[in-house]
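Read through the structure below, which is laid out as structure tokens, and then see the notes.
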Amino acid sequence: MKSRETLIRLKKFQVDEKRRKVAQIEAMMAEFDRIANELEREIKVEQDRAGIHDPGHFAYPTYAKAAMTRKENLKRSADELRGQLDDAKAALGEAFEELKKVEMLDERDKERDRAEQNVREQQELDRIASLRFTAGGAHV
């Protein structure tokens, strides 16, 4: 029984770790999106300030070009994280299923143990009743 409890604790730990990984990836994606949106705003401000909105124009602001490149890199990174997130969610689902299987086995074993204990208790009660019955019949 002790090894089963240890296994359950291990499986719960694994589920928690995978949950943390999913949350971490989601947080990174949200941060990348936030930074990309901020860069987009800064690009627009810089374009408006210079009065040039065409990145191909020779006088297009250097900061806007650099910010655009950084924003594109963040978007690519966020896209890569989406794949990692899908994998992390799948791993979390598998870990959760493994935990549930172990918990169900543990509960089944505990139920079997309770049933066996009930049978033993009933047999003991039956034995005591039989002794009383025989002892009571002898006095009649």
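Yes or no, residue by residue, for (1) under 30 Å from Lys101 (Cβ atoms); (2) open to solvent by less than 60 Å² (accessible area, probe 1.4 Å); (3) among the charged types (D, E, K, R):
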{"residue": "Ile8", "(1), (2), (3)": "yes, yes, no"}
{"residue": "Lys12", "(1), (2), (3)": "yes, no, yes"}
{"residue": "Lys18", "(1), (2), (3)": "yes, no, yes"}
{"residue": "Val22", "(1), (2), (3)": "yes, yes, no"}
{"residue": "Asp33", "(1), (2), (3)": "no, yes, yes"}
{"residue": "Gln47", "(1), (2), (3)": "no, yes, no"}
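Remark: pairs (first residue in the stretch 1-26, touching a residue at least 12 places away in the same chain (Cβ under 8 Å) and within 23 Å of Asp109 (Cα to Cα); second residue open to solvent by less than 70 Å² (accessible area, probe 1.4 Å) and among the small types (Gly, Ala, Ser); Cβ separation under 8 Å; 6+ apart in sequence or on different chains) = Lys11/Ala95; Gln14/Ala95; Val15/Ala95. Within the span defined as the stretch 26-38, one or more residues are among the aliphatic types (A, V, I, L, M), modelled with pLDDT of 95 or more and over 25 Å from the mean Cα position of the chain (by Cα). If you go through the stretch 66-121 and keep only what is basic (Lys, Arg) and farther than 30 Å from Val45 by Cβ, you end up with Lys89, Lys100, Lys101, Arg108, Lys110, Arg112, Arg114, Arg120. Remark: pairs (first residue in the stretch 40-55, over 13 Å from Ala66 (Cβ atoms); second residue of a type in the set (S, T, N, Q) and in a helix (DSSP H, G or I); Cβ separation under 6 Å; 6+ apart in sequence or on different chains) = His53/Gln47.
Condition (residue is surrounded by fewer than 15 Cβ atoms within 10 Å (Cβ to Cβ), of a type outside the set (Phe, Trp, Tyr) and either in contact with a helix residue (DSSP H, G or I) (Cβ under 8 Å, 6 or more places away or on another chain) or not in a helix (DSSP H, G or I) (or both)) applied to the stretch 58-68: is it met by at least one residue? Taking every residue of the stretch 58-68 in turn, at least one turns out to be surrounded by fewer than 15 Cβ atoms within 10 Å (Cβ to Cβ), of a type outside the set (Phe, Trp, Tyr) and either in contact with a helix residue (DSSP H, G or I) (Cβ under 8 Å, 6 or more places away or on another chain) or not in a helix (DSSP H, G or I) (or both). Residue count for the stretch 73-97 under the criterion of being among the charged types (D, E, K, R) and either open to solvent by less than 80 Å² (accessible area, probe 1.4 Å) or not in a helix (DSSP H, G or I) (or both): the result is 0. Scanning the stretch 78-97 turns up no residue that is among the basic types (Lys, Arg) and farther than 20 Å from Arg19 by Cβ. Consider Leu125 carefully, then state whether it is within 15 Å of Lys11 (Cα to Cα) and either modelled with pLDDT of 90 or more or part of a helix (DSSP H, G or I) (or both). No: the conditions fail for Leu125. Screening Asp54 against (1) farther than 30 Å from Glu94 by Cα; (2) assigned to a helix (DSSP H, G or I); (3) open to solvent by 80 Å² or more (accessible area, probe 1.4 Å) leaves a single unmet condition, (2).
The values are calculated or read from the model by the stated rules, or taken from the named source; none is laboratory data. No experiment lies behind these values; they were computed from the predicted model shown. Every residue, glycine among them, receives a Cβ derived from its backbone with ideal geometry; neighbour counts consider all protein chains shown. Heavy atoms of the whole protein, side chains included, go into the accessibility calculation; ligands, DNA and RNA do not. Shrake-Rupley method; radii C 1.70, N 1.55, O 1.52, S 1.80 Å.
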